[in-house]
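Enquirer: Let me give you the structure first, and then I'll get to my questions.
The values are calculated or read from the model by the stated rules, or taken from the named source; none is laboratory data. Keep in mind it's a predicted model, so treat the numbers as computed, not measured. Quick reminder, even Gly has a Cβ in these numbers, built from the backbone with ideal geometry, and neighbours come from all protein chains shown.
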Amino acid sequence: MKEQLQLLYQLQQVDTASAQATAALKNLDDGTRLAAELQAARSALEQAQEQLRNTEATLRDKELQLAGTEQDRANKYQQAVNSRNAKETEALQKKVAELDRLKDRLENEILELLDEVEDCNQRVSQRQGQVSELEDQLTATQQTFAQESERLNKELTELHDRRQELVSQLDAQLLNTYEQLRKRSDNLAVAAVVDGTCAGCHTKIPAARLDAIRKGDSLVKCEICHRILVVPEQ
């Protein structure tokens with residue numbers, strides 16, 4: 001019986017390790033959240049780039065309008081200087097004044113657009129930085145996920161093989177008792193005795209029961225958590 005209890009304790013360690021590895025595998029970050037954040041960041045970058053392109057296009061249009069206005073103003077001014085007709089001169093002077101006002105307005109608009117282009121460039125640069133950072137994070141996360149998935153799956157395969165080996169050596173009735181207890185005890189059916197205490201519920205074990213557990217001639221359960229008690233061999 002003592003040898004069977006030690007095998008049962010080893011089986012419990014295997015099952016505990018398998019549960020931990022399975023939980024770790026389930027909780028691995030596969031990068032789904034980062035991928036969504038990256039997609040949103042790329043969309044924001046595209047919007048910022050589109051706004052920059054539109055603002056630059058508007059700026060070019062205004063600069064062309066300004067150049068045309070300045071040329072038109074110069075022509076009208078020269079015509080007014082050369083005119084010998086008072087009415088024509090007056091009309092040309094009014095046109096020059098009108099073009100001066102348009103020129104001032106266009107210059108102000110161009111200054112505002114230059115500021116807006118600078119702001120757009122800063123936003124694009126910021127968005128590019130965010131995209132680059134998220135791409136690096138996603139790549140690292142996916143690499144870690146792949147490596148850890150491979151490691152954990154390999155560990156689970158090894159644990160499965162070890163479990164099969166242990167099960168083949170265990171008494172069928174004892175194994176059935178273990179499996180039933182494991183279902184009711186949060187996957188922990190066998191508890192080690194550590195410093196005279198049940199490792200499952202941390203209850204102090206009476207001396208008489210400790211002697212029986214050490215002998216290993218019979219199945220002894222904790223009076224509190226009802227787990228099978230075993231003193232692990234060193």
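Yes/no per residue for (1) more than 26 Å from the chain's Cα centre (by Cα); (2) without any contact (Cβ under 8 Å) to a residue 12 or more places away in the chain:
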{"site": "Q10", "(1), (2)": "yes, no"}
{"site": "E37", "(1), (2)": "no, no"}
{"site": "Q47", "(1), (2)": "no, yes"}
{"site": "E70", "(1), (2)": "yes, no"}
{"site": "Y77", "(1), (2)": "yes, no"}
{"site": "K87", "(1), (2)": "yes, yes"}
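Enquirer: Could you give me the residue pairs with C-beta distances under 9 Å whose first residue belongs to region 118-140 and is loosely packed, with under 14 Cβ neighbours inside 10 Å, whose second residue is among the charged types (D, E, K, R) wherever it lies, and which are 6+ apart or on separate chains?
Expert: Every condition considered, no pair remains.
Enquirer: Assess whether R162 counts as being assigned to a helix (DSSP H, G or I), surrounded by 14 or more Cβ atoms within 10 Å (Cβ to Cβ) and either free of Cβ contacts under 8 Å to residues at least 40 places away in the same chain or out of contact with any Ser or Thr (no Cβ under 6 Å at 6 or more places or on another chain) (or both).
Expert: yes
Enquirer: Something else about it: Conditions first: (1) modelled with pLDDT of 95 or more; (2) touching a strand residue (DSSP E or B) at 6+ places or on another chain (Cβ under 7 Å). R127 passes all but one, so which condition is the exception?
Expert: The one condition R127 does not meet is (2).
Enquirer: Which condition number in (1) modelled with pLDDT of 95 or more; (2) farther than 26 Å from T144 by Cβ is the one that K2 fails?
Expert: Unmet condition: (1).
Enquirer: When you scan region 196-221, how many residues do you find that are farther than 16 Å from Q13 by Cβ, in a loop (DSSP other than H, G, I, E, B) and touching a Lys or Arg at 6+ places or on another chain (Cβ under 9 Å)?
Expert: Here the count works out to 5.
Rundown of residues vs (1) in contact with a helix residue (DSSP H, G or I) (Cβ under 7 Å, 6 or more places away or on another chain); (2) among the polar types (S, T, N, Q); (3) farther than 21 Å from Q4 by Cβ; (4) surrounded by fewer than 14 Cβ atoms within 10 Å (Cβ to Cβ), yes/no style:
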residue	(1), (2), (3), (4)
V190	yes, no, no, no
T197	no, yes, yes, no
C201	no, no, yes, no
A208	no, no, yes, yes
G216	yes, no, no, no
I224	no, no, yes, yes
E233	yes, no, no, yes
